[in-house]
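A short reminder: the numbers here are calculations on the coordinates, not readings from a lab. The shown structure was predicted, so the numbers you read here are calculated from the model rather than taken from an experiment. In this analysis, Cβ positions are derived from the backbone assuming ideal geometry, glycine residues included, and neighbour counts consider all displayed protein chains.
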Amino acid sequence: MQNVLKDTNKNNYYKTILIGTGAAGLYFGAGVPCGHGKDVLMLEKTARPAMKLLMAGSGQCNVTHGGSIKDFLDCYGDHGSRIRTCLYKHNNLELMSFLESLGVPLTEREDGKVFPASMDAHDVKNALMEACAANGAEIRLNSSVTQIKDLESGFEVIVESIDGVSKNVETYTCTNLVVATGGCSYPTTGSDGSIFRALRDDLGLKIEEPRPALTPVFVQDYQFGELSGISLKDIGMKIAGLKKSFTGDLLFTHKNLSGPVIINNSRYITTGSRLELNFVYPENVETVTASLKKAAPGSSRSVTSFLAEEYGLPKRFVSKIVELALSSGSESADKKLSALSGKEISALARSLAAAEFSVSGLGGFNVAMVTKGGVSLEEVSLKTMESKRYPGLYFIGEVLDIDGDTGGYNLQFAYSSAMAAADNIFAI
């Protein structure tokens, strides 16, 4: 049966309309002060709220990170200092207290990551949904915003909703409009970036080009597929043309480089970037060369055995490095230290402490955990999340050009920005 498009033109008014019921949207709805919820309409384009939240932390929902909130600033790339006020005012301790007040006990792992004690994202989602309902906020599903119009005092929102096989066009007006639609990552969850067109075309807002972030990186002539699953601790990484350097864990997969050092810094990497990886950080080419030259004379030990023990590296990884560096096949792994030439020692040192890779591409939005880009921070007062040009228009969460590291930082910003907007709207 063919879909029927129908304009109901109800022209419904709400004091506050929120677009998107992901983490930021649900935090906003759950944080609405008592008595104000009846004036809030929450629009969700899909049939299921919080689909991406349920994927967070592989379904375990890493809601934030422990420790001092001051340490969070370095976990948002170059933009951390710009959201200082927002993060400090509604910090990680407040977020943890808020969730526990909703009946979600939390646990903090040794690495500082904070999860619901049940390790089940559904508990976080359900608690937030129940809080939204208790506050009186109304959630309408299958309702996609297609157009936003600026009025003299407020906004008109055009919504296409699906009712069975029929598509209805409905018009709403509001004094405050909160955009919490996320970015472009995991588009099947509803965060497909379609709102950016309306924000750019209807309101003329500056949109920084959305790009995948927190994503694995593909390199040319990848030689490590057989090492899939092997992880190296605290390696060093440099990106050509970038002054800063990075350290963190590296993971080899069947097809690409992954792990925190890659994923967290993929915001700085583009196709064509050149990476230099130091698998033995903080050692360098000179110290590795010196170590090999000192150990080699008269030694009957194999190169692989020596390097694995000397630098605490997995033997399978070292064997592959030796094979590639010496270019003489798998038998290279059994080569004796004493048989190494000066040229071979230099090649091994470079392969361990300054291995070069050329980036052929990044994982797309279907695998990227977050989006780099979105509504430009120049457009927003980052104390209140309100538009500088359109009073009453707010942006919270990933729709903004903010992307955090893995470890709960993106969900923390979702909370902090949502509460900052609620503070200003409801004058708490």
Exercise. Can you tell me the equivalent ellipsoid semi-axes for the stretch 372-428? Use √(5λ) from the Cα gyration tensor, largest first, whole Å.
Key: 19, 14, 6
Practice problem: Percent of Cα-Cα pairs per 5 Å bin, from 0 to the last occupied bin, for the stretch 263-349, please list those. | Solution: 3, 14, 23, 24, 15, 9, 6, 4, 2, 0
Quiz item: Rounded if a/c is under 1.5, else prolate if a/b beats b/c, else oblate: with a ≥ b ≥ c from the C-alpha gyration tensor eigenvalues square-rooted, which is the stretch 27-79?
Solution: oblate
Quiz item: For the chain, with only Lys/Arg (+1) and Asp/Glu (-1) charged at the beta-carbon, what is the dipole magnitude about the Cα centre, in debye rounded to 20?
Solution: 720 debye
Quiz item: When the Debye formula is applied to the Cα atoms of the stretch 1-138, each taken as the same point scatterer, what base-10 log of I(q)/I(0) results at q = 0.12, 0.14, 0.22 Å⁻¹?
Solution: -0.57, -0.75, -1.40
Quiz prompt | For the stretch 83-155, convex hull volume per residue from C-alpha positions, Å³ | solution = 184 Å³
Quiz prompt | Within the stretch 110-150, backbone nitrogen closer than 19 Å to the virtual label 7 Å beyond the Cα of Leu93 toward Cβ | solution = 112-115
Quiz item: Which value in nm describes the separation of the simple spin-label points at Thr188 and Cys34, placed 7 Å from the Cα toward the beta carbon?
Solution: 4.3 nm
Practice problem: Report the normalised scattering of the chain as log10 I(q)/I(0) at q = 0.06, 0.08, 0.09, 0.14 Å⁻¹, calculated by the Debye formula with identical scatterers on the alpha carbons. | Solution: -0.32, -0.52, -0.63, -1.17
Self-check item: Cβ-Cβ FRET estimate between Glu378 and Ser305, R0 fixed at 51 Å, reported to 0.05
Solution: 0.35
Practice problem: At a temperature of 20 °C and a viscosity of 1.002 mPa s, determine how fast the stretch 216-363 diffuses translationally according to Stokes-Einstein, using the Kirkwood radius over alpha-carbon pairs as Rh; express D in µm²/s, rounded to the nearest whole number. | Solution: 138 µm²/s
Exercise. Would you mind checking the stretch 242-284 for residues with the amide N under 14 Å from a putative spin-label position 7 Å along Cα→C-beta of Leu324?
Key: 250-258, 275-280
Self-check item: Dipole of the chain, positive direction: furthest Cα of Gly20, Thr289, Val178, with charges on the beta-carbon
Solution: Thr289
Quiz prompt | Contour excess over end-to-end distance, with Cα ends at Lys255 and Glu138 and 0.36 nm allotted per residue | solution = 37.6 nm
Quiz prompt | Within the stretch 278-305: backbone nitrogen closer than 13 Å to the Lys336 label point (7 Å, Cα to C-beta) | solution = 296-303
Exercise. With everything on Cα atoms, drop me the angle between helix 342-353 and the longest principal axis of the chain, reported from 0 to 90° to the nearest 10.
Key: 20 degrees
Quiz item: Toward the positive end of the charge dipole of the chain, about the Cα centre and with charges on Cβ (Lys, Arg +1; Asp, Glu -1), which of Phe155, Ser346, Ala422 goes farthest?
Solution: Ser346
Self-check item: Listed residues Thr384, Asn366, Val318: farthest to the positive end of the dipole of the stretch 293-425 (Cβ charges)
Solution: Val318
Exercise. Kindly write out, for the stretch 63-70 in residue order, the coupling ³J(HN,Hα) from the Karplus curve 6.51 cos²θ - 1.76 cosθ + 1.60 (θ = phi - 60°), rounded to whole Hz, with x marking Gly and Pro.
Key: 6, 6, 10, x, x, 6, 5, 5
Practice problem: Run the numbers on the chain and let me know its relative contact order in percent, using alpha-carbon pairs under 8 Å that are six or more apart. | Solution: 22 percent
Quiz item: With the contact rule set at Cα under 8 Å and sequence spacing of 6 or more, what percent relative contact order holds for the stretch 216-363?
Solution: 32 percent
Practice problem: For Ser360 paired with Asn284, estimate the spin-label separation in nm (one decimal), with each label point 7 Å from Cα along the Cα-to-Cβ line. | Solution: 3.2 nm
Quiz item: Per the helix-only calculation at 222 nm, which mean residue ellipticity applies to the chain, given -39500 (n - 2.57) for every DSSP H run of n ≥ 4 and division by its residues, nearest 500 deg cm²/dmol?
Solution: -7500 deg cm²/dmol
Self-check item: Average projection area in nm² (convex hull over Cα atoms of the stretch 147-282, one quarter of hull surface)
Solution: 12.9 nm²
Quiz prompt | Estimated distance in nm for a label pair at Lys293 and Ser245, the labels positioned 7 Å out from Cα along Cα-to-Cβ | solution = 2.0 nm
Self-check item: Whole-Å distance, taken between Cα centres, linking the stretch 131-210 and the stretch 15-31
Solution: 11 Å
